[in-house]
Every structure is written in structure tokens, then in C-alpha cells.
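Step one of this worksheet: look at the structure below.
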Amino acid sequence: MRRFACPNCSNEVHFRNSECVNCNSRLGYVPAWDQMFFAKPGDTQWHDGATVYKACANRQEIFCNWLVEDGVEDEHCLSCRHTLVIPDLSSPENRDHWASLEEAKRRLFYSIQKFGLGVGDLVNAGDTALRFEFKADTLAPDGKTKRVLTGHEHGLITINVAEADDPTREKYRKAMGEPYRTLIGHFRHEVGHYYWDHLVWNTDKLEPYRAIFGDEREDYGEALKRHYENGAPAGWEATHVSSYACAHSWEDFAESWAHYFHIVDGLETAGWYGLDGHTPDAGLNRTPGGWSDAGPYGAAEFRPLMDAWVPLTVAMNAMNRSIGLGDFYPFVLSDTIFAKLEFIHGLIHDRA
Ligand SMILES: [Zn+2]
Ligand SMILES: [Zn+2]
Ligand SMILES: [Zn+2]
């Protein structure tokens, strides 16, 4: 994630901020420009020379700080309009969970945009666009809980809003032995399935994919059942980025895809703060040196990313231990895992 400066007073502001704490300007993010805009107190619109922007309709509801170009039919920002179903808001808890999910989802959309990956055309080809539904478990008339399963189906990503409840997610994280179980991690994983459909399936990448991730034609239901019964095989760390990645070829791909997003966004953040060995010689509104203008998101070569990432994680782990926290990055990347990440890097960057 890049750094931002308040366009009114130059104070540092963050991606999630809807107001500058220094000058009280209201802030709004325009994804197409990757910039913060400001509105003076009393103004209802955001101006950028000739262009006028309005707040996303979810600004009041859940603190969405993204803007919509005036004249765009939709009242919602790019990220919010891809959410088709929200939980029942008569529960205040659900509203908080929805807000947390959308905040993580805006980070997802930030990355998607930086990679130049599409999200489909909601208006003209809705059934192939990336869509989200956030649902809560419900009680059936017979008293049984109707569970909502987090998952992906043909571009529709369902997330159980309970994942936004920290104690619940932590319980599952421990039970499943997942070092990273986060909202942004869920989003990055689930869209991995969506991009598999678009970038691998039915393309000349399918055979190279199978050589690296295994054959996805293995029965998916049986594979998951086996995984939940027996767990990952011993020694899985040498070949997979997580134990869940061992469940099925598709899950290996989605886990690796999410991991690649973690690395690139982590490197972008590191670059903006001068933590990646490159000189932080640029102002807050410019990409720091060391990478191409597009930063790690636009890096043509895979190896330089990893050459920057690995020492950074060693340093970050040491930092965390210094203050008594668990490891920042509890992973060891083998050559096999490198090959998976490199394949994903190629998929994202070699598109026609
Ligand atoms: Zn300011
Ligand atoms: Zn929004
Ligand atoms: Zn999955």
C-alpha cells in the first residue's frame, strides 16, 4: 500500500482515513487516480479541476471513503457496487462486520487495480463479473443453525460475516493451524479462484499450471473431505504455502495467489517507508525509487521481488521478536513454492 498526503495541508493520511486530523478536510479516495481528494468544510462535493466527485453512498453507512465520479449512474463506489448482498442491518454487530469486510475489500480492489486485473462488467455481463455477498448464519424454524460457507462460485464470492468478528476468526485460525487468517487474506484467496477461471482455464496456461499445481480434475468434494479428515501430509511445508493448500490443486493455487498479493503489497508498503533497502527519496505522492514507476505491482521480473522480500521478512521477524510478538512472517519459501509464485507473477504480467 502506498502512502498518502492530505491534498490540502500535506499531513500524512492513510488509505482508510475519511478526514484529515490536521486540517479537518474531508478526504475521499479516487481509485482511477490512486489519489486522495479533499472537500472543504461545508462542501458537499469533491473537485478536481473540471471533474466533480461525490461521496460513495456507503460513506455514512460504513465509513467508505471512496468517491464516485459525478455522472456515474451508481451511487456507490467501484468497490461497494460489486457487493450484491449485505447482512441484515437490524443487528448492529452485522453492520460493524460489514464495515470491516468492505474496508478489507477496498484494499483488495486497490491491488486488483494496481495489477491492472479486471473485475468484469457488472452492468452488461453481470454473471461473469466479480461479485460479493456478505451473509450471516441464520436460525432455521427447526432451531438448527443455517451456516453460511465462505467460498467462490463463478465469480460470486460469499463471506460469512462472522469472519469479521475477531474472537471467532482467531478461534478458527488456531483450529485450522493458519498463521495468516485475516479478512484481506480471505479476499485475496477467494479472488484467486475467480482469476483461475479467467487466466488459466481454457488457456495455454492450463498444462503448465497442472505441472506446477497438480491436476485440478481430482474430485473436489472428495479432496476436501480427505483434507478435513486427515489434514495435510507430513512435510507439506516444503511444497505448499499453507496446510490448506494441500487440500486440492485449486486451493493450492488460491493460497499461493493470496500469498503473492501479500508479498507485493507488503513490498509496496516497505518501499514507501524506505524499509526495502531502496532510498525513500520521493515525496508522499510519488513512487519511491528502486522499482519501476509502477512499483512492485508493476515489476516485470519476479526474482527482484523475492530478493527484496526475503531479507525484509527476516528483519521484520527480528523486529517482532524484539517486542515480544509472534513472527511477522512465519513461512519458509522453498524452490517449489517460488515456482508457484513465479507462475502467478507470470499470469498477472504476461496477459495479452
Ligand atoms: Zn489536511
Ligand atoms: Zn464505497
Ligand atoms: Zn478456496
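The values are calculated or read from the model by the stated rules, or taken from the named source; none is laboratory data. Owing to the predicted nature of the structure, the values given are computational and were not obtained by experimental measurement. Heads up, the Cβs are rebuilt from the backbone with ideal geometry, glycines too, and the neighbour counts pull from every protein chain shown.
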Response to the item:
Note: among Ala254, Ala223, just one is touching a residue at least 24 places away in the same chain (Cβ under 8 Å) and in contact with a Gly (Cβ under 8 Å, 6 or more places away or on another chain), namely Ala254
Worksheet item: Could you list, in sequence order, the residues of region 312-335 that are closer than 16 Å to Tyr260 by Cα and surrounded by fewer than 13 Cβ atoms within 10 Å (Cβ to Cβ)?
Response: Pro330, Val332, Asp335
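Okay, residues lined up against (1) of a type in the set (Phe, Trp, Tyr); (2) touching a residue at least 40 places away in the same chain (Cβ under 8 Å); (3) under 24 Å from Ala270 (Cα atoms):
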{"site": "Arg2", "(1), (2), (3)": "no, yes, yes"}
{"site": "Cys6", "(1), (2), (3)": "no, no, yes"}
{"site": "Val13", "(1), (2), (3)": "no, no, yes"}
{"site": "Ser18", "(1), (2), (3)": "no, yes, yes"}
{"site": "Arg26", "(1), (2), (3)": "no, no, no"}
{"site": "Lys40", "(1), (2), (3)": "no, no, no"}
Worksheet item: Can you tell me which residues in region 157-177 are surrounded by fewer than 18 Cβ atoms within 10 Å (Cβ to Cβ), in a strand (DSSP E or B) and not β-branched (Val, Ile, Thr)?
Response: none
Worksheet item: Taking region 190-206 as the search range and keeping residues that are outside any helix (DSSP H, G or I) and in contact (Cβ under 8 Å) with a residue 40 or more places away in the chain, which one is surrounded by the fewest Cβ atoms within 10 Å (Cβ to Cβ)?
Response: Lys205
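Here's the yes/no breakdown for (1) at pLDDT 95 or above; (2) part of a loop (DSSP other than H, G, I, E, B):
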site: Trp250; (1), (2): yes, no
site: Phe253; (1), (2): yes, no
site: Trp257; (1), (2): yes, no
site: Asp265; (1), (2): yes, no
site: Gly271; (1), (2): no, no
site: Gly289; (1), (2): no, yes
site: Asp293; (1), (2): no, yes
site: Pro304; (1), (2): no, no
Fill in: Test: Arg210 is part of a helix (DSSP H, G or I), without any contact (Cβ under 8 Å) to a residue 60 or more places away in the chain, under 16 Å from Glu255 (Cα atoms) and assigned by TED's automatic domain parsing to the domain that holds Trp257
yes
Worksheet entry | Out of Arg217, Arg226, sole residue that is part of a helix (DSSP H, G or I), away from ligand 1 (no atom under 16 Å from the Cβ) and either in the same structural domain as Glu255 (by TED's automatic domain parsing) or under 29 Å from Gly120 (Cα atoms) (or both) | Arg226
Response to the item:
Condition set more than 15 Å from ligand 1 (Cβ to nearest atom) and part of a strand (DSSP E or B), scope region 14-60, selection nearest to Phe115 (Cα to Cα): answer is Val30
Response to the item:
Residues of region 58-67 being touching an Asp or Glu at 6+ places or on another chain (Cβ under 8 Å) and within 7 Å of ligand 2 (Cβ to nearest atom), in sequence order, are Asn58, Cys64
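Rundown of residues vs (1) over 19 Å from Asp166 (Cα atoms); (2) part of a helix (DSSP H, G or I); (3) not polar (S, T, N, Q), yes/no style:
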| site | (1), (2), (3) |
| --- | --- |
| Leu101 | no, yes, yes |
| Lys105 | no, yes, yes |
| Val119 | yes, no, yes |
| Val123 | yes, no, yes |
| Gly143 | yes, no, yes |
| Val148 | no, no, yes |
Item to complete: Mind telling me which of the residues Asn58, Asn65 ends up being buried (at least 21 other Cβ atoms within 10 Å of the Cβ), away from ligand 3 (no atom under 16 Å from the Cβ), touching a residue at least 24 places away in the same chain (Cβ under 8 Å) and within 26 Å of His152 (Cα to Cα)?
Response: Asn58
Practice prompt. Considering each residue of region 63-85, count those that are farther than 23 Å from Phe15 by Cα and either of a type in the set (Asp, Glu) or touching a strand residue (DSSP E or B) at 6+ places or on another chain (Cβ under 7 Å) (or both), and give that number.
Written response: 3
